[in-house]
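Inspection log for the structure reproduced underneath, given as structure tokens.
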Amino acid sequence: NTASLLSMDQTDSNASNNSSSVSITPILFDVEVTHNVDDLNPEEGQTLTYTITVTNNNPTATGTNLVFTNIVPAGLTYVASSISGGDSQDEADPAGAGLSWTIASFGGGASATLTFQATVDAGAKGTYGTINNTAALTAVDQLDSVPANNTSQTTITIVGLDIGVVKSVDVANPL
């Protein structure tokens, strides 16, 4: 950025100092989202704990008003009141608008853990087989310098009972 004196109504005794420049190097903000679940191969009816870890990768930049969202996908049912972490949470519409967490101020190098629980629906193995669940940074006051790491996904593969029947006879040719 440069500022210069363009005109004045008096004589300037030193015209060499009538312009000045300054360079600004912005501090880049970078939040990384990591999404995990406590069991990648659950059974129908099992309750899972999802953990979203968010990290500010820049040790000197503070972010403000960060919102993280996780839409609970079909095949899972949100466990009411299980959301935790952040400064505030919203669980009003888990499968629609999604669960959301807000962090008001996120200092350089900080990390936070956001969690919730969901139960695998009956019939999910046959209907879905695998279920993808995604968490994302959906709002922040600053520009994130690495938006590619603002979303993370976990895939579960639903397992079920495998009941086999074996029939045998003790005398193959009875008298």
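The values are calculated or read from the model by the stated rules, or taken from the named source; none is laboratory data. Just so it is clear, the model here is predicted, and its values are computed rather than measured. Cβ: placed from backbone, ideal geometry, glycine included. Neighbour counts: every protein chain shown. Ligands, DNA and RNA are excluded from the accessible area calculation, which covers all protein heavy atoms including side chains. Shrake-Rupley method; radii C 1.70, N 1.55, O 1.52, S 1.80 Å.
For the reader, a short list of remarks on this structure follows.
- Rounded if a/c under 1.5, otherwise prolate or oblate - the stretch 15-60, Cα gyration tensor axes: prolate
- Under 5 Å from the amide H of residue 39 lie the amide H atoms of 49, each residue being 5 or more positions distant or on a separate chain, with H modelled from the backbone and absent for Pro and chain starts.
- Theoretical gain in end-to-end length, residue 141 to residue 111 [0.36 nm per residue, Cα-Cα removed]: 9.1 nm
- Carbon/sulfur fraction of accessible area - the chain, other protein chains in place, 1.4 Å, %: 51
- Calculated P(r) over Cα pairs in 5 Å bins from 0, in percent (choose from [x] 1, 7, 14, 14, 11, 9, 7, 6, 5, 4, 4, 4, 4, 3, 2, 2, 1, 1, 0, 0, 0, 0, 0, 0, 0, 0, 0; [y] 2, 10, 19, 21, 17, 12, 8, 5, 4, 2, 0; [z] 1, 8, 15, 19, 19, 15, 10, 6, 3, 2, 1, 0, 0, 0), label: [x]
- Solvent exposure, largest accessible area first (probe 1.4 Å, DNA, RNA and ligands not counted), of 90, 30: 90, 30
- Computed [θ] at 222 nm, helices only, for the chain once each DSSP H run of length n ≥ 4 contributes -39500 (n - 2.57): -500 deg cm²/dmol
- Potential extension, residue 12-residue 127 segment - 0.36 nm per residue separation minus Cα distance: 33.2 nm
- Here the Gaussian network model covers the chain, with springs between Cα atoms less than 10 Å apart; of 19, 84, 100, 19 fluctuates the most.
- Solvent-accessible surface of the chain, averaged per residue with a 1.4 angstrom probe and all protein chains in place: 60 square angstrom.
- In a fully extended conformation the segment linking residue 74 and residue 2 would gain 20.3 nm over its present Cα-Cα distance, using 0.36 nm per residue.
- Rounded if a/c under 1.5, otherwise prolate or oblate - the stretch 85-175, Cα gyration tensor axes: prolate
- Projecting the Cα atoms of 126, 115, 139 onto the dipole axis of the chain, where Lys and Arg carry +1 and Asp and Glu carry -1 at the beta carbon, places 126 farthest toward the positive end.
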